[in-house]
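*Asks:* I am attaching a structure below and will ask some questions about it afterwards.
The values are calculated or read from the model by the stated rules, or taken from the named source; none is laboratory data. If you're wondering where the values come from, they're calculated on a predicted model, not measured in any experiment. In this analysis, Cβ positions are derived from the backbone assuming ideal geometry, glycine residues included, and neighbour counts consider all displayed protein chains.
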């Protein structure tokens with residue numbers, strides 16, 4: 001870790017006598033420039049020196065050398081074996097977050113880290129260049145592990161690949177990268193897509209549509225695969241024309257507007273009057289789908305049933321229209337991601353894939369078809 005390298009270099013300088021007792025150390029800004037690292041990295045290195053009893057902070061003077069003999073002779077060994085304790089700084093890069101997905105994941109991360117670990121969050125907004133820059137900034141700041149919710153499952157940021165090659169503790173959240181030896185924590189989206197589709201089939205719907213965004217992520221692909229598997233296991237024909245995968249407004253960084261997507265949905269519903277039930281890959285897509293039905297004079301669920309993924313709690317909003325949905329264990333996703341990072345810090349070669357089960361939650365958006 002960078003801060004350990006800085007700590008060891010400064011410690012050696014003090015023990016060699018380059019600074020006498022009472023001498024003022026260079027400022028944090030000067031040290032940051034000398035070692036070409038962030039101020040946070042310098043602060044962490046100085047904290048270790050203070051733990052050794054070699055320096056102290058004096059008001060209006062700065063950092064002063066107080067001893068040439070460390071009070072803890074085994075300090076360097078402890079610094080090298082920090083994997084034996086909980087990490088004190090973890091970085092997290094996420095695409096975006098809201099009440100339907102993300103907020104509970106962050107809550108889980110914070111709950112799992114506790115009071116002894118700091119978490120630095122960065123949001124990429126779906127921009128691949130920003131995603132890469134966020135990762136590099138966190139590593140430069142001295143994080144000991146990284147949780148990454150990438151914007152794509154087809155493209156992994158170069159900075160993340162470099163970390164994986166170095167066996168740096170990395171956990172991919174809510175995504176899977178085939179062929180890359182990196183730990184991941186995600187939901188069983190395939191089972192979720194299948195459960196959503198089979199719920200509509202059990203209600204009696206004969207033709208079911210699938211609506212998703214244009215984003216190429218494994219979670220959405222798995223939900224579609226679950227939709228396909230449900231048809232296959234029930235020996236039902238599946239028409240590709242029953243799918244709409246061009247919703248753009250829910251994709252971070254997209255220029256598509258909500259009105260454009262609602263217009264797409266209106267046109268799709270009109271073109272497919274035989275579809276009486278829909279699986280929506282996201283909660284916000286379900287909202288737009290219901291609005292499109294409303295503009296066509298169709299009621300949910302009297303005319304069209306909808307099952308989506310995720311749903312805001314809105315505990316105090318008793319009037320909120322609640323959709324039948326697939327619930328992910330979002331808080332547990334965050335907790336498991338932190339646990340995986342900590343295990344990797346203790347055993348850098350340990351790679352694991354954690355897949356959490358999902359649950360179908362009944363709401364007011366699904367019912368048996370008319371007639």
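*Asks:* Out of all the residues in the range 324-341, is one or more without any contact (Cβ under 8 Å) to a residue 40 or more places away in the chain, closer than 25 Å to residue 231 by Cα and in contact with a strand residue (DSSP E or B) (Cβ under 6 Å, 6 or more places away or on another chain)?
*Replies:* Yes, the range 324-341 has at least one match.
*Asks:* Can you tell me which of (1) in a loop (DSSP other than H, G, I, E, B); (2) touching a strand residue (DSSP E or B) at 6+ places or on another chain (Cβ under 6 Å) is the one residue 185 doesn't meet?
*Replies:* (1)
*Asks:* Please specify each residue of the range 144-182 satisfying the condition of being assigned to a loop (DSSP other than H, G, I, E, B) and closer than 22 Å to residue 103 by Cα.
*Replies:* Scanning the range 144-182 gives 149, 150, 151, 152, 153, 174, 175, 176.
*Asks:* Shifting gears a bit: Among (1) assigned to a helix (DSSP H, G or I); (2) under 15 Å from residue 324 (Cα atoms), there is one condition residue 292 misses while meeting the rest; what is its number?
*Replies:* Going through the list (1) assigned to a helix (DSSP H, G or I); (2) under 15 Å from residue 324 (Cα atoms), residue 292 breaks only (2).
*Asks:* Return the residues of the range 12-51 that are closer than 26 Å to residue 167 by Cβ and touching a helix residue (DSSP H, G or I) at 6+ places or on another chain (Cβ under 6 Å); say none if nothing qualifies.
*Replies:* 35, 37, 38, 41, 42, 44, 45, 48
*Asks:* Same structure again: Determine, yes or no, whether residue 351 is in contact with a strand residue (DSSP E or B) (Cβ under 8 Å, 6 or more places away or on another chain), assigned to a helix (DSSP H, G or I) and modelled with pLDDT under 95.
*Replies:* Details: in contact with a strand residue (DSSP E or B) (Cβ under 8 Å, 6 or more places away or on another chain): yes; assigned to a helix (DSSP H, G or I): no; modelled with pLDDT under 95: yes.
The answer is no for residue 351.
*Asks:* Take residues that are at pLDDT 80 or above and tell me which of the helices (runs of 4 or more DSSP H) falling wholly in the range 7-118 contain 1 or more.
*Replies:* Helices (runs of 4 or more DSSP H) meeting the threshold: 28-35, 39-51, 103-113.
A quick yes/no check of all residues on (1) in the same structural domain as residue 127 (by TED's automatic domain parsing); (2) in contact with a strand residue (DSSP E or B) (Cβ under 6 Å, 6 or more places away or on another chain); (3) buried (at least 20 other Cβ atoms within 10 Å of the Cβ):
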site: 167; (1), (2), (3): yes, no, no
site: 173; (1), (2), (3): yes, yes, yes
site: 207; (1), (2), (3): no, no, no
site: 217; (1), (2), (3): no, no, yes
site: 230; (1), (2), (3): no, no, yes
site: 236; (1), (2), (3): no, no, no
site: 243; (1), (2), (3): no, yes, no
